[in-house]
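Enquirer: Quick one: the structure is below, questions incoming.
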Amino acid sequence: MAYPGYGAPAGYPQMPQMQDPLYQYFAAVAGQDGQISADELQRCLTQSGVAGSYKPFSMETCRLMINMLDRDYSGSMGFNEFKELWQAINGWKTTFMNYDRDRSGTMEGHELQQAITSFGYNLSPQALGIIMKRYSINGRIAFDDFVSCCVKLRGLSDQFQRRDTTRTGKAMFQYDDFIQVSMSM
């Protein structure tokens, strides 16, 4: 089998990731380093049509998506992280479509609450109110903002769970740790 960067003589099998249909979307925008940045991710997701009839993802949402999976803090993502993100986006899209019951292309507060609950989150009415204020325009949340919300909920919940070692719903954060966690989202 060929090693990355060394090529392979004719007749050798391709790298398994190159056989993945998603790899074409990824490779079309990835640089020589095999990584994609937020602007490359935005271009890739737009070209792939993963957002469907919804508007393309904003640069801020793309930054959030990279940060969610950026385990080495490089500010970019490789193909495996891209595959993980692709699955997450498709899951969020399915959930969005399932709970946008009036098919308006946006979610109202009660639809958002049901969608968030379907992910297993148990948020207070106050927390849901803050989410609505942060992500809605005229009481409606578009798909791009829904994805941003999902990314932040997932990332913040993951960070909280790492620190809630006794699984009591309580975690200790030093101030600098709190800033790092919240600013990386």
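Enquirer: Would you work out if the stretch 121-164 is rounded, prolate or oblate? Take a ≥ b ≥ c from the square roots of the eigenvalues of the alpha-carbon gyration tensor; rounded if a/c is under 1.5, else prolate when a/b is larger than b/c, oblate otherwise.
Expert: Oblate shape, in that a/c is at least 1.5 and b/c is the bigger or equal ratio.
Enquirer: Determine the share of the chain's accessible area contributed by carbon and sulfur atoms, expressed in whole percent, with a 1.4 angstrom probe.
Expert: Its accessible area is 52 percent carbon and sulfur atoms.
Enquirer: Residues with beta-carbon under 12 Å from that of M132, excluding M132: net charge, scoring Lys, Arg +1 and Asp, Glu -1?
Expert: That sum, taken over residues with Cβ under 12 Å, equals 0.
Enquirer: With r defined as the distance between the Cβ atoms of R101 and F160 and R0 fixed at 35 Å, what FRET efficiency is calculated, to the nearest 0.05?
Expert: 0.70
Enquirer: Shape of the chain from its Cα gyration tensor (a ≥ b ≥ c, root eigenvalues): rounded if a/c is under 1.5, otherwise prolate when a/b > b/c, or oblate?
Expert: oblate
Enquirer: So, one more: Per residue, how much accessible area does the chain show when a 1.4 Å probe rolls over the protein heavy atoms, in square angstrom?
Expert: 60
Enquirer: Further question: For T106, enumerate residues with amide H under 5 Å from its amide H, sequence gap 5+ or separate chain, H modeled in the peptide plane.
Expert: none
Enquirer: Full extension from S58 to F173: what is 0.36 nm times the residue separation minus their Cα-Cα distance, to one decimal in nm?
Expert: Gain on extension, S58 to F173, equals 38.3 nm.
Enquirer: Sorting L123, L156 by accessible area (1.4 Å probe), largest first, what list results?
Expert: I get L156, L123, largest accessible area first.
The values are calculated or read from the model by the stated rules, or taken from the named source; none is laboratory data. Remember, predicted model here, so these are calculated numbers, not experimental data. Every residue, glycine as well, gets a Cβ built from its backbone with ideal geometry; the counts of neighbours run over all protein chains shown. Just so you know, the surface numbers come from the protein's heavy atoms only, side chains and all, with ligands and any DNA or RNA stripped out. Shrake-Rupley method; radii C 1.70, N 1.55, O 1.52, S 1.80 Å.
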